[in-house]
Amino acid sequence: MTNAISLEEDIMLATVAGPERLSDLLLDIMTGTRLPDGEKNQTPASIVLQLLRGEDLVAFRRKIEQAFAYGLDKWPLGALGAEHQGIIAATLLSHSSPSIASKVARKLAETSKRDAFFSPQNPYVDLLVECVLRHAGDADTKIAIVNIAKQEDWLRYVPSIFFRMANIDVGFCQFLIPEFIKACQNQLDRGHNGYIHAFDRSLNIEALRQITDTLTPQQSAAFDTLFLLRSRRFSPGSQIEYSENSDEGQNVRYSVYDKKHQVAFKPHHENAMAEAELQHLRDNRDEYLKELIDLGLKQERIEKELEMA
Amino acid sequence: MGDAVHDIAKWLEACGRTYKGRIFLDNIGIDLAKLAIDDVVLETFGRALGAFTANPDDLRTARFEQAATRAIEAKSLFLNGKPESSATSAMACVVKIDEAFCSYVFDFTDYGGIGAFDGPEEILDLIENANDLTRVLRSGAILRSRLPMVWMTHENILNNTLALHVNERRATAARDELGLLGYNSNDDCLGMFIFPISALAHHVLRRPTSFDASANLVFRSNEQDEPCGRTLNLSTVAPSLPEYVTTPVSLNSDTRFMRLGTVQESSRFSWLELNARTVETRVTSVGTRLMGLG
């Protein structure tokens, strides 16, 4: 009597047989026809994720990745439900090879079936956005994802995209800031300010500063607001009202009102900007102090030279 | 090893050559003897199996497990165990917290998306500290397995059992006590959802059967006259905590969440040891009946 053949053994045999055979097996795994041991209380995506992260499979990872790339050309992706598309997302996420994952991510973003993959009805859509942005190495793929994200239904995913890109591509920050502001507004309307805190944690502020010259006036206003919102004045529990108005000159103005502290901020207003600048000075006190001292020394030297002349 | 299955006779032959197959047939024998399933269910399974195994084109990679799984799913033979009962105490469902599961159940948009977390432990922190679980739950979230069903046990019994272990070992103990072989990596993070009686008012709890477990779960049909199953303990391979299966459960403001922690070690479970407890006469008798049905 022999023991039952394990799925790992099955994968090994299929690996030897080539990518076509292996991609067939992967499709069987994704559709639940071939399962590993012990699926009790596990979602399909978790099962696949667990399988492909198994230590025994490390040596075959590259082969599996190749089979995925091969299978994506011929699997009936459009016919698979959201659940199975999620499995693919989870599997992509588990890949460690940037080159192949980037290839698969690009394929997902460019395929005519991408709307189904990136549909808000896909329960794994967050995961898919994460893994595509993490692995997509080329600008075209990222632009494709951003364009999808800019659709109205996708506003809620913009912060994830923003955080993921802000640290990598400065150019995309410019692209995304207005969308990010809208997402912040939606969130603040619901009484949350998690984006602002996440923004604090992950944003490459210096990279953002570098793009300020290239912003349109509208983007610039949004940018100012973002930094103002970022101020630690908005502690959790602050009740914040946020509004967007167009004046006669068609400039968009953003205004923020902190009910808790009874303070209004109008970023495009002189006083508000002064307030923001003051806050920046406070945050960077030592640096400014040094600059002032340097300036003072320089001034002192010039005055002495003038006296001597 | 691993022959493709082309008819019921071959399917039975493949079952007989594997530990899992013999255990699966033996479980069906127990279910029939204890009236957890009836002859009609067995007949439906046999005929579905016959339909699958008669068509080699449909069996691209078929082994006995795949054929059984597809027959069970095609005829919805899961969630039909008897007897039926209602929840009389709070029930618990243990789950693994990974990115895939979290994406399915939770909505972390307000926290910068799932990518804003450093790992499952950080996610556990957030979920556990959320005073209102609904703030992190996806709208309309449900809890389910691959099949549309959930495995549960009594919360108080599970907690009393886990209380015998130090905190660091609770996840490992839960994994072993509930026969969760799928949560077998050293870094699997586990938590449990707890449902009060009111949350399960419209749910029928059923005794799990061999068809609920299929052939890929560590499972032993209950030989006792009880309304529940008895989870197989992965350490002792002996009956452990009571368990039930039910339809997918909504996660909402009634639901509580408790962290169990990280699994500390892989299970020592072996199919060989479980196979030693199968009864040859039951395997043979179920095989004979299936041959007559296909």
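Peptides B:118-131, B:135-148 ranked from most to least packed, by the mean per-residue count of other Cβ atoms within 10 Å: B:135-148, B:118-131.
B:THR153 sits among other residues whose Cβ lies under 10 Å from its own Cβ, and their net charge, with Lys and Arg +1 and Asp and Glu -1, is -3. Counting only other chain Cβ atoms within 10 Å of each residue's Cβ, the peptide B:14-21 averages 3. Taking Cα atoms only, the orientation of helix B:19-33 departs from the longest principal axis of chain B by about 90 degrees.
Longer than 26 Å from Cα to Cα, which of A:LYS63/B:LYS10; A:LYS40/A:LYS63; A:LYS40/B:LYS82 are they? Say none if no pair is.
The answer is A:LYS63/B:LYS10; A:LYS40/A:LYS63.
Based on every Cα atom in region B:126-179, Rg and the maximum pairwise Cα distance Dmax equal 14.1, 36 Å. Local charge for B:ASN216 was computed over the other residues whose Cβ lies under 9 Å away, with Lys and Arg +1 and Asp and Glu -1, and equals -2. Could you tell me which of rounded, prolate or oblate describes region B:178-294, using a ≥ b ≥ c as the square roots of the eigenvalues of the alpha-carbon gyration tensor, with rounded for a/c under 1.5 and, failing that, prolate when a/b is larger than b/c and oblate otherwise? In terms of gyration-tensor shape, oblate.
Other residues whose C-beta falls under 13 angstrom from the C-beta of B:VAL40 contribute a net charge of 0, scoring Lys and Arg +1 and Asp and Glu -1. For the segment B:89-102, counting C-beta atoms of other chains within 10 Å of every residue's C-beta and taking the mean gives 5.
Averaged over peptide A:30-37, the number of partner chain Cβ atoms lying within 10 Å of each residue's Cβ comes to 6.
Read the figures in this text as sums done on the coordinates, not as results from a lab. All of these numbers come straight from a predicted model, not from anything done at the bench. Every residue, glycine among them, receives a Cβ derived from its backbone with ideal geometry; neighbour counts consider all protein chains shown.
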